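Data block below; observations after.
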Amino acid sequence: TCALPILSIIRDHPLFGIGVETFEYYFDKYNTIHAVLRSPHNDYLNVTLNSGVLGLLSFVALWSFFLYYSFRGFLKSTDPLRKHIILGSLLGIFALLIGGFFQGYYTDLENCLQWWFMAGVGVVLCRKELSNINSISNTYT
């Protein structure tokens, strides 16, 4: 299958990967089944290929923190509109992370812009919501 050359590339370049935009070159070198593939169609494999295991760990840590932070902001929010926008951002990013197992959303410019826009809106609203809670609790201590 097409996964064998991809896994061989990761095995040979585990720590830092092969670099951005070099997949086709390396895939052609490792490809023994003569398949034509321009990308692995999986965000996690793509990040691992480009940046190695360290890049994958960073990618997973970044989005895990975002999901945690957004969920915390959603639970603490008292404004219904802000709460629903945070939830939309949280679920949108979660959907892209799940879809990333089957498609390369993170490396597609249009999807990446949408991805970062949703993340930015969610973080700004969560930060505002969490800072409001902290300032209220500080006034009573």
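A few notes on this one:
- Scan of region 55-85 for residues that are among the hydrophobic types (A, V, I, L, M, F, W, C) and within 14 Å of the chain's Cα centre (by Cα), ordered by number: LEU56, LEU57, PHE59, VAL60, ALA61, LEU62, TRP63, PHE65, PHE66, LEU67
- Count of region 5-21 residues which are open to solvent by 30 Å² or more (accessible area, probe 1.4 Å), assigned to a helix (DSSP H, G or I) and over 29 Å from ALA95 (Cβ atoms): 2
- Any hit, region 76-83, residues being touching a helix residue (DSSP H, G or I) at 6+ places or on another chain (Cβ under 7 Å), outside any helix (DSSP H, G or I) and more than 30 Å from ASP12 (Cα to Cα): yes
- A single entry from LEU96, LEU87 fulfils the requirement of being closer than 25 Å to ILE10 by Cβ and among the aliphatic types (A, V, I, L, M): LEU96.
- Scan region 106-124 for residues that are open to solvent by less than 70 Å² (accessible area, probe 1.4 Å) and either modelled with pLDDT under 90 or among the acidic types (Asp, Glu) (or both) and the total you get is 5.
- Unique residue being farther than 13 Å from TYR106 by Cβ and buried (at least 19 other Cβ atoms within 10 Å of the Cβ) when the list is TYR69, TYR26, TYR30: TYR26
- Residue count, region 22-52 (criterion: more than 22 Å from GLY99 (Cβ to Cβ), out of contact with any helix residue (DSSP H, G or I) (no Cβ under 6 Å at 6 or more places or on another chain) and assigned to a loop (DSSP other than H, G, I, E, B)): 6
The values are calculated or read from the model by the stated rules, or taken from the named source; none is laboratory data. Computed from a predicted model, the values in this text were never measured in an experiment. Note that each Cβ is placed from the backbone with ideal geometry, even for glycine, and that neighbours are counted across all protein chains shown. All accessible areas refer to the heavy atoms of the entire protein, side chains included, with ligands and DNA or RNA removed. Shrake-Rupley method; radii C 1.70, N 1.55, O 1.52, S 1.80 Å.
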